[in-house]
Amino acid sequence: MPPSSWPWAPPTAASAARTRFWKWALPWRSWSICASACRFVVAESAGTSAAIEERYRKLGSIRIATKYPSITRAHFARTGTQVEIVYLHGNIELAPITGMAERIVDITATGTTLRENNLEIVEEVLASTARFFANGCALRTDERIVALARVFAENAPKHTYAPIAGASNPVQPTLS
């Protein structure tokens with residue numbers, strides 16, 4: 001018989017007790033409040049795509065400027081692209097203009113700053129919205145949290161957001 005720690009092992013009394021405990025101890029609830037919708041995107045200067053691809057063929061990597069090195073590293077590891085990450089603070093949009101990097105990974109809500117700096121979105125890394133987290137017990141007993149949850153539930157469906165300029169696959173935030 002396989003050990004009870006294996007995921008496919010039949011349930012035992014001990015594992016059932018652990019499951020009941022964790023369902024009771026950590027009954028967190030979370031849902032999107034459809035606010036602060038934004039995207040992490042990869043962007044480059046307009047019209048430089050061919051030059052960047054040629055550099056990648058010659059040197060085997062692309063320089064990417066970002067404030068978010070962990071997200072950037074994980075994204076390019078998933079895509080299998082060799083990158084050199086240039087960690088910057090401040091206006092990341094200036095990196096392609098000054099020659100510090102060929103592309104950037106940055107967060108954007110409307111794409112206005114990208115357009116102002118003549119950058120175009122190459123790919124989308126991930127989408128994000130603000131989320132409301134509440135402990136299940138507090139959600140049932142604390143009137144302040146109940147009132148806040150009601151406000152979010154009433155107002156969230158009313159808000160819609162325009163897709164980000166240059167986004168190839170715009171996704172609207174939804175309640176989940």
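Annotations
- Scanning segment 94-129 for residues that are farther than 16 Å from residue 38 by Cβ and assigned to a helix (DSSP H, G or I) yields 94, 95, 96, 97, 98, 116.
- Where residue 29 falls short, out of the listed (1) at pLDDT 70 or above; (2) loosely packed, with under 14 Cβ neighbours inside 10 Å; (3) charged (D, E, K, R): (1)
- Residues satisfying the stated conditions in segment 132-152, i.e. surrounded by 13 or more Cβ atoms within 10 Å (Cβ to Cβ) and assigned to a strand (DSSP E or B): 132, 134, 135
- Output for segment 32-46, where each listed residue is part of a loop (DSSP other than H, G, I, E, B) and modelled with pLDDT under 90: 33, 34, 35, 36, 37
- Index of the failed condition, residue 14 passing every other in (1) under 30 Å from residue 153 (Cβ atoms); (2) modelled with pLDDT under 90: (1)
The values are calculated or read from the model by the stated rules, or taken from the named source; none is laboratory data. All figures in this text were calculated on a predicted structure; none of them were measured in a lab. Cβ: placed from backbone, ideal geometry, glycine included. Neighbour counts: every protein chain shown.
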